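Q: My structure is below; once you've seen it, I'll send some questions.
The values are calculated or read from the model by the stated rules, or taken from the named source; none is laboratory data. All figures in this text were calculated on a predicted structure; none of them were measured in a lab. Please note: Cβ atoms are built from the backbone with ideal geometry, for glycine as well, and neighbour counts cover all protein chains shown. The protein model used for the area step is the full one, side chains on, heavy atoms only, and it has no ligands, DNA or RNA in it. Shrake-Rupley method; radii C 1.70, N 1.55, O 1.52, S 1.80 Å.
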Amino acid sequence: MQEQYDFRAIEKKWQEHWEREQRYSVSEDPSKRKFYVLEMLPYPSGALHMGHVRNYSLGDSLARFKRMQGYNVLHPLGWDAFGLPAENAAIRHGVPPERWTLDNIRIMKKQAKEMGWSYDWDREITTCLPDYYKWNQWFFLQMYKKGLAYRRSGQVNWCEKCQTVLANEQVVNGRCWRDDSVVLQTELEQWYWRITQYAEELLQDLDKLGGWPEKVRSMQQNWIGKSSGTRVRFEIEGEQEAIEIFTTRVDTIYGATFVLLAPEHSLVRRWVDDPQHGPALTKFAEAMKWQDRAARTAEEGEKLGVFTGHFAINPFSNEKVPIWVANFVLMEYGTGAIMAVPAHDQRDFEFARKYQLPVRVVICPVSGELSQPLETAFSDYGQLVQSGPFSGLTSEFAQEKMAAFAGERGFGSPAVSYRLKDWGISRQRYWGTPIPILYCPRCGTVPVREKDLPVVLPKTDQIRLGGSPLATVPEFVNTTCHQCGGNATRETDTMDTFVDSSWYFYRYTAPRLDAAAVDRAAVCYWFPVDQYIGGIEHAILHLIYMRFFTKVMRDMGLVDFNEPVTNLFTQGMVIREGGKMSKSRGNVVAPDEMVRAYGADALRLFIQFAAPPERDLDWNEQGLEGCYRFVNRLWRLVYRFHGRWGTDVNANGIRKGPESRALERKLHQTIRKVTDDLERFHQNTAIAAIMELLNELYPYTEGDAEPRLVKEVLGKMTLLISPFAPHVAEEIGEILGHTESLDSAGWPSYDPELAREEEIEIVIQVNGKIRSKFSAPAGITESEMETAALSDEKVKSYLTDRRVQKVITVPKKLVNIVVR
């Protein structure tokens with residue numbers, strides 16, 4: 001054993017050993033308990049960043065811990081390889097996206113191996129390769145057969161910077177989730193998946209996800225956005241068409257003095273030809289395309305609108321009310337049209353006041369009347385007034401009666417509405433999965449035959465923004481219809497890259513299977529995922545899409561469960577100087593540089609120790625240096641003692657002196673804490689406990705140390721640190737006599753009796769007379785002694801109606817309470 005800790009040689013040695021032995025390659029083994037630990041797969045952007053290091057180190061420590069507990073652990077990694085960054089890089093540098101992507105994968109895979117993460121590389125997947133995206137296309141065809149995939153023209157979210165459509169989930173506060181640019185509304189023909197068919201099940205099954213963070217479940221619940229209410233049709237004066245609205249407050253409908261449409265509503269586009277009102281409508285609708293939707297709907301924002309020149313008929317009162325267009329009405333909420341009740345909705349109230357529209361009170365507090373004119377809207381439930389035959393009813397009772405009335409008269413019905421809309425999967429970009437559809441002049445829309453999959457993405461370096469790039473590749477576009485043999489053209493949009501990540505975790509169970517997307521038996525063994533780890537930013541993107549995909553796969557007979565993941569952990573970001581690391585801020589720390597300077601083990605320790613995993617970690621290189629010193633201290637202690645292991649131990653294993661007993665107790669307490677903390681994802685406190693144990697071991701070795709106890713503590717400590725710093729742990733394990741990898745050594749167990757604190761007896765006196773006693777840990781402080789004494793039930797009777805003058809404590813012996 002060398003005196004100096006040579007992390008470069010040690011880490012290289014064990015990484016080569018693990019790869020040579022295929023140490024982390026697994027297969028289904030019904031005789032063993034399984035554990036599937038999974039981190040969200042990375043986008044191959046060029047190099048690993050510190051967020052990757054944190055995410056994958058947390059997952060790796062859990063995977064190693066579970067292996068040592070005897071589980072058959074599946075811990076795979078792949079590459080979310082399609083997407084805009086590769087395409088943009090290709091345009092910028094003139095490099096084909098495939099080459100750019102695969103080169104980045106080689107770099108990042110090398111980095112991952114240098115971190116010592118224990119992945120089963122035999123299960124690696126790359127989503128931009130045909131053997132993977134073939135199955136994206138297969139899933140599309142199955143959904144098409146079941147009516148879950150359809151094409152329609154409609155308003156879509158358009159990112160001008162990305163030059164592509166975005167799903168609703170990819171629009172955050174009116175801006176692109178990727179580049180933060182303002183998202184416009186435009187009309188395009190797109191392919192959609194009917195995620196709304198599963199809206200209620202997605203909502204109800206959130207209650208089954210007890211192992212998911214409450215914040216994520218709440219975000220999904222709000223995004224699905226279930227509302228119970230009433231659908232009501234307002235006829236349009238002079239037209240055959242009606243406006244359908246959804247309201248949760250049908251009890252206020254007699255106070256509806258106008259109707260509001262979203263600027264993107266189809267009626268608005270139809271009425272722009274009106275010579276009198278059309279120009280104003282056109283100007284307003286065009287302006288709204290460029291306005292941030294978060295600003296449009298903000299409570300404090302200015303309410304803007306324009307009159308359409310048309311009127312609707314309130315079906316309850318038969319009153320004619322004007323139809324306006326308003327900035328704060330959006331197509332994705334309800335039907336894109338609302339009945340405006342200014343007396344009982346604040347936004348409607350502000351709009352009515354601005355444009356001098358009528359305000360009619362139809363709900364009053366049960367206990368009295370509203371003072372008029374109103375200064376603000378009264379939005380609470382109450383008692384109906386000026387509401388025809390429903391006057392006098394309470395809001396709750398009226399809602400039920402009025403919904404039934406609308407149903408009886410044929411102009412409405414009770415209804416449930418969801419904020420969740422169907423998933424638009426079409427993207428006007430090159431680097432994605434081709435949609436397997438043909439368009440034939442004779443046969444119409446024709447799905448590609450399964451035997452003709454994959455529809456291979458053509459290689460091209462002529463990628464331009466604006467429209468679908470595949471449309472400029474004639475050898476791809478032009479094809480033959482397999483139904484009639486005539487000429488046909490291919491769909492030139494590609495799939496949203498979130499399709500790739502919606503089912504990849506199933507493919508890991510049989511990544512080389514060519515006959516089917518998944519091996520049902522393998523899925524049956526490994527699923528559900530026991531622990532999933534990733535960022536909370538995916539709460540209403542990937543994490544809702546993956547749940548939808550699982551339910552579709554269940555209905556196809558591919559899986560027999562409803563939810564894919566039992567436990568979800570969302571780790572915090574790695575920040576520096578108060579902000580997220582980014583090249584534009586100049587605050588990026590490259591993992592490679594830190595590994596070269598301190599070693600992978602030190603970096604793994606620091607990234608898991610420096611902050612609770614669920615919180616943001618503020619980068620501090622001094623903290624990394626501290627973890628490096630800790631590894632060196634451990635190494636030096638092993639070096640000092642590795643040739644001195646003796647036999648100075650009693651036959652029954654109980655050590656002779658009090659210092660030995662104290663160290664043994666600390667060892668068992670540490671094993672208990674690290675075990676409990678790893679089960680709870682408290683890696684930071686687990687590492688802290690190991691550091692404390694080393695701190696206690698050092699002074700012990702300076703005295704009359706028992707070498708066999710030192711060896712036992714170092715041996716168990718090596719096992720405890722193995723999930724966090726596996727290279728140095730393996731090397732020390734080998735020095736201590738392990739002939740196999742520490743994965744095979746088993747996780748250390750603790751003796752509850754030895755882990756219990758040594759207790760002492762504390763005497764309680766009142767005015768010098770013994771009144772009670774209590775047992776306490778040997779390490780109890782004077783403050784804790786005083787608190788315990790004053791809380792003692794026997795002592796309280798001596799303190800009634802008396803004033804405590806002072807409390808005298810004799811450490812670890814007695815408490816004397818002086819009273820008058």
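Q: For region 211-358, what does the convex hull of the Cα positions come to per residue, in cubic angstrom?
A: Each residue corresponds to 130 Å³ of Cα convex hull volume.
Q: Any idea of Arg640's accessible area? Nearest 10 Å², probe 1.4 Å.
A: Spelled out: Arg640, probe radius 1.4 Å, area about 90 Å².
Q: Compute the length gained on full extension between Asp29 and Gln69: take 0.36 nm times their separation in residues and subtract their Cα-Cα distance, giving the result in nm to one decimal.
A: Result: 12.9 nm gained on full extension.
Q: Multiplying the sequence separation of Ser153 and Asn318 by 0.36 nm and subtracting their Cα-Cα distance, what value in nm do you get?
A: My answer for the length gained is 56.0 nm.
Q: Work through the residues other than Ala600 whose Cβ is under 9 Å from its Cβ and net out their charges, Lys, Arg +1 and Asp, Glu -1.
A: For residues surrounding Ala600, the net value is -2.
Q: Here is a further query. How many percent of the alpha carbon pairs in region 467-606 exceed a separation of 20 Å?
A: 68 percent
Q: If you don't mind, another one. On full extension of the chain, what length is gained from Glu577 through Met219, given 0.36 nm per residue of separation minus the C-alpha to C-alpha distance? Write down the numbers at each step before the final one.
A: Details: separation 358, 0.36 × 358 = 128.88 nm, distance 2.88 nm.
Taking 0.36 nm per residue and subtracting the Cα distance, the gain is 126.0 nm.
Q: Taking H placed 1.01 Å from N in the peptide plane, check which residues at least 5 places from Cys128 or on another chain put their amide H under 5 Å from its amide H.
A: Distant-sequence amide H within range of Cys128: Ala81, Phe82.
Q: Using C-alpha positions alone, give me the convex hull volume of region 169-251 per residue in cubic angstrom.
A: Hull volume over Cα atoms, normalised by residue count, gives 200 Å³.
Q: Give me the log10 of I(q) over I(0) for region 520-568 at q = 0.20, 0.23, 0.29 Å⁻¹, as the Debye formula computes it from C-alpha points; what are the numbers?
A: Result of the Debye calculation: -0.69, -0.87, -1.14.
Q: Let me ask something additional. Percent antiparallel among DSSP beta bridges with both residues in the chain, to the nearest 5?
A: Just about 80 percent of them are antiparallel.
Q: Moving on. Considering Cα pairs under 8 angstrom that are at least six residues apart, work out the relative contact order of the chain and quote it in whole percent. Provide the component values of the computation, followed by the final result.
A: Values: 1449 pairs, mean separation 115.9, N = 820.
Relative contact order comes out at 14 percent.
Q: Same structure, new question: According to the Kirkwood expression over distinct Cα-Cα pairs, how big is the hydrodynamic radius of region 275-382, in Å?
A: Here the Kirkwood hydrodynamic radius works out to 15.4 Å.
Q: Can you give me the relative contact order of region 303-448 as a percent, contacts being Cα pairs under 8 Å and 6 or more apart?
A: Numbers: 166 pairs, mean separation 20.3, N = 146.
Computed value for region 303-448: 14 percent relative contact order.
Q: Is the C-alpha gyration tensor of region 55-157 telling us rounded, prolate or oblate? Criteria: a/c under 1.5 is rounded; beyond that, a/b larger than b/c is prolate, otherwise oblate.
A: Cα axes put region 55-157 in the oblate bin.
Q: If DNA, RNA and ligands are ignored and the probe is 1.4 Å, what is the ranking of Ser660, Ser27 by accessible area, most exposed first?
A: On the way: Ser660 5, Ser27 70 Å².
Putting Ser660, Ser27 in descending order of accessible area: Ser27, Ser660.
Q: Is any helix in the chain, taking whole DSSP H runs, at least 24 angstrom long along its axis by alpha carbon and on average at least -1.0 on the Kyte-Doolittle scale, and which ones?
A: 50-68, 621-641, 683-702
Q: Based only on the alpha carbon positions, what is the Kirkwood hydrodynamic radius of region 381-512, in angstrom? Numbers along the way, then the final one.
A: On the way: mean 1/r = 0.0506 Å⁻¹.
After inverting the mean inverse Cα-Cα distance, the result is 19.8 Å.
Q: Starting from the amide H of Ala539, placed 1.01 Å from N in the peptide plane, find each other amide H under 5 Å away whose residue is 5 or more places distant or on another chain.
A: It is none; the list stays empty.
Q: Using square roots of five times the C-alpha gyration tensor eigenvalues, list the equivalent-ellipsoid semi-axes of region 738-791 in whole Å, biggest first.
A: Computed over region 738-791, the values are 43, 10, 7 Å.
Q: Which residues' amide hydrogens lie under 5 Å from the amide hydrogen of Glu319, considering only partners 5 or more residues apart or on another chain, with H built in the peptide plane?
A: Close amide H contacts, sequence-distant or interchain: Asn314.
Q: State the cysteines of the chain left without a partner when partners are defined as other cysteines whose beta carbon lies under 4.7 Å away.
A: Within the chain, the cysteines lacking a partner Cβ under 4.7 Å are Cys128, Cys364, Cys484, Cys524, Cys627.
Q: Can you tell me the FRET efficiency between Glu3 and Asp122 if r is taken as the Cβ-Cβ distance and R0 is 30 Å, rounded to the nearest 0.05?
A: Calculated value: 0.20.
Q: Hey, can you find the accessible area per residue of the chain for me, probe 1.4 Å, expressed in square angstrom?
A: That works out to 43 Å² for each residue.
Q: Something else: Using the 2.2 N^0.38 Å rule of thumb for compact globular proteins, work out how region 1-120 stacks up: its C-alpha Rg over that value, please.
A: That ratio works out to 1.26.
Q: Quick one: if the Förster radius is 56 Å, what FRET efficiency do Asp801 and Ser391 give, using the C-beta to C-beta distance and rounding to 0.05?
A: For Asp801 and Ser391, the calculated efficiency is 0.30.
Q: Right, next: So what's the Cα pair-distance distribution over the chain, bin width 20 Å, in %?
A: 13, 34, 30, 19, 4, 0
Q: Assuming R0 = 35 Å, what is the FRET efficiency of Val95 and Asn478, from their Cβ-Cβ distance, to the nearest 0.05?
A: It comes to 0.85.
Q: Still on this structure, I have one more. Return one quarter of the surface area of the convex hull spanned by the alpha-carbon atoms of region 307-364, equal to its mean projected area, in nm².
A: Mean orientational projected area (region 307-364, Cα hull): 4.5 nm².
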